[in-house]
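Heads up, the thing below is written out as structure tokens.
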Amino acid sequence: MNLARHPRISLAHLPTPLEPMKRLSELLGGPRLWIKRDDCTGLSSGGNKTRKLEFLGADAITRGADTIITQGATQSNHARQTAAMAAKLGMECHLLLEDRTGSDDPSYNLNGNVLLDRLYGATVSKRPGGADMTMEMEKLAERLRQDGRKPYVIPGGGSNPVGALGYVNAALEMLYQAGTMGLNIATVVHATGSAGTQAGLVAGFKALGSGIPVLGIGVRAPRDRQEQNVFDLAQRTADHMGLGDIIERSDVVADCDYVGPGYGLTTPGMIDAVTLVARTEGILLDPVYTGKGMDGLISLVRKGRFKQDSDVVFVHTGGSAGLFGYPDQLDLPGYI
Ligand SMILES: *Cc1c(COP(=O)(O)O)cnc(C)c1O
């Protein structure tokens, strides 16, 4: 595989650090836990979408776009990072935010990621939960074309074969880092949503012949659907890179037991994980993705899913801006 064949702009601070979580590992008494700091990708306080946007932004430029359209949930980290990219490229940005949680909390609706979307100058509009967001984006694109603009539509989460190249690149980066550190990675764990992160990692690790399994912790869909989405996109990504039919169905594993009542809705396990990692490692997770992903990882460590004497890497995919959309749900002490 040759990533340099694909147009790319530089947006992210790379490589992101791969660090030990010493206190958390000790506390849990399981395998050695490591964290790949993709919350430190730099653009707009960081996150995994920035890696995807390096390829998507380049594609937008190649196609002569002057306007970016994308969609996500109200507290979408993808929308926030996309708005920052558009600002940096001097493009107009339109964000369609789907009300997936029904929350009327002003912090959820205006603070956190939404505050930053507006700060970057994006045009933000809402759609009801369950709306056909792909069609909504197409309708908007058509209207903008009639106004003489050249819109480039990025799917939710930046998850298509172009965006997923960002995580093929992350697989390459992680393998190189692990090699230089003498780290024999047993498993990579991360929160999986729109599937691009896991698809890119699976395709990348497979193409490199690394044998490293990836475990996605679901945040929305049930297991069958999540795995199928990741598998389809991993295949399309490998195909886009000219690698042919290298992905097997068994390469894709998701555990969707930590979603709780639904996407973007809090769970006690998420709150415990966010609090524990803040207090043992000084690291900020987020309520929607990495908090649930870490809840999954911690639970699996406690259940003995990983070998004691092994190294497990959690990919921190970002999202801490979302904490400010959930101020009252974290159950924190007041002043004493
Ligand atoms: C989008 C996102 C994910 C999930 O990545 P996908 O590529 O959509 O599966 C995980 N964590 C955070 C913080 C995200 O914003």
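Bear in mind that the values in this text are calculations on the coordinates, not laboratory data. Computed from a predicted model, the values in this text were never measured in an experiment. Here the Cβ positions follow ideal geometry from the backbone for every residue, glycine too, while neighbour counts run over all protein chains shown.
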On a full-extension model of 0.36 nm per residue, what is the gain between His13 and Asp239, subtracting their alpha-carbon distance, rounded to one decimal in nm? 78.6 nm
What whole-number value in cubic angstrom gives the convex hull volume per residue for the C-alpha atoms of segment 154-255? 85 Å³
Given backbone amide H placed at 1.01 Å from N, residues whose amide H is under 5 Å from that of Arg127, ignoring those fewer than 5 places away on the same chain, are Leu97, Glu98, Asp99
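Residues with beta-carbon under 12 Å from that of Thr275, excluding Thr275: net charge, scoring Lys, Arg +1 and Asp, Glu -1?
After counting each charged neighbour, the total is -3.
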At Phe324 and Ala131, where each label point lies 7 Å from the Cα along Cα→Cβ, what is the point-to-point distance in nanometres? 2.4 nm
Return the loop-located trypsin sites (Lys or Arg not before Pro) in segment 292-336 (DSSP other than H, G, I, E, B) with at most 11 other Cβ atoms within 10 Å of their own Cβ; answer none if there are none. Lys303
Using a 10 Å cut-off around each Cβ, can you sort Ile246, Ile35 from fewest to most neighbouring Cβ atoms? Ile246, Ile35
Placing each pseudo-label 7 Å from Cα in the direction of the beta carbon, Lys307 and Leu3 end up separated by a distance in nanometres of 2.8 nm
Ranking Lys206, Lys139, Lys52 by Cβ neighbours within 10 Å, fewest first, what do you get? Lys139, Lys206, Lys52
Put +1 on the Cβ of each Lys and Arg and -1 on the Cβ of each Asp and Glu in segment 49-154; which of Met137, Thr50, Leu95 then has its Cα farthest toward the positive end of the dipole? Thr50
Under 5 Å between amide hydrogens, which residues at least 5 positions from Gly218 or on another chain qualify, with H placed 1.01 Å from N in the peptide plane? Thr192, Asp255, Cys256, Asp257, Tyr258
Report the charge-dipole magnitude of the chain in Debye, nearest 20, computed about the Cα centre from +1 at each Lys and Arg Cβ and -1 at each Asp and Glu Cβ. 460 debye
Taking Phe55, Phe231, Phe324 and counting other beta carbon atoms within 10 angstrom, the fewest-first order is Phe324, Phe231, Phe55
Total lysine pairs under 17 Å (Cα atoms) in the chain, excluding pairs fewer than 8 apart on one chain: 10
Report, by chain and number, residues whose modeled amide H sits under 5 Å from the one on Trp34, excluding near sequence neighbours (fewer than 5 apart, same chain). Met21, Val312, Val313, Phe314
So what are the three principal axis dimensions of the chain from its Cα atoms, in whole Å, longest to shortest? 61, 57, 34
For segment 93-205, which semi-axes, largest first and in whole Å, follow from the square roots of 5 times the eigenvalues of its Cα gyration tensor? 34, 19, 13
Cα-based Rg then Dmax for segment 193-329, in Å, read 15.6, 49
Under 14 Å from the Cβ of Arg143, count the other residues' Cβ atoms, weight Lys and Arg +1, Asp and Glu -1, and hand me the total. -1
Could you give the length gained by full extension between Tyr335 and Asp105, i.e. 0.36 nm per residue of separation minus their alpha carbon distance, to one decimal place? 80.5 nm
Roughly how large, in nm² to one decimal, is the mean projection of the convex hull of the alpha-carbon atoms in segment 9-108? 8.6 nm²
Paired Rg and Dmax values of segment 49-154, which use every Cα atom, in angstrom: 13.2, 40
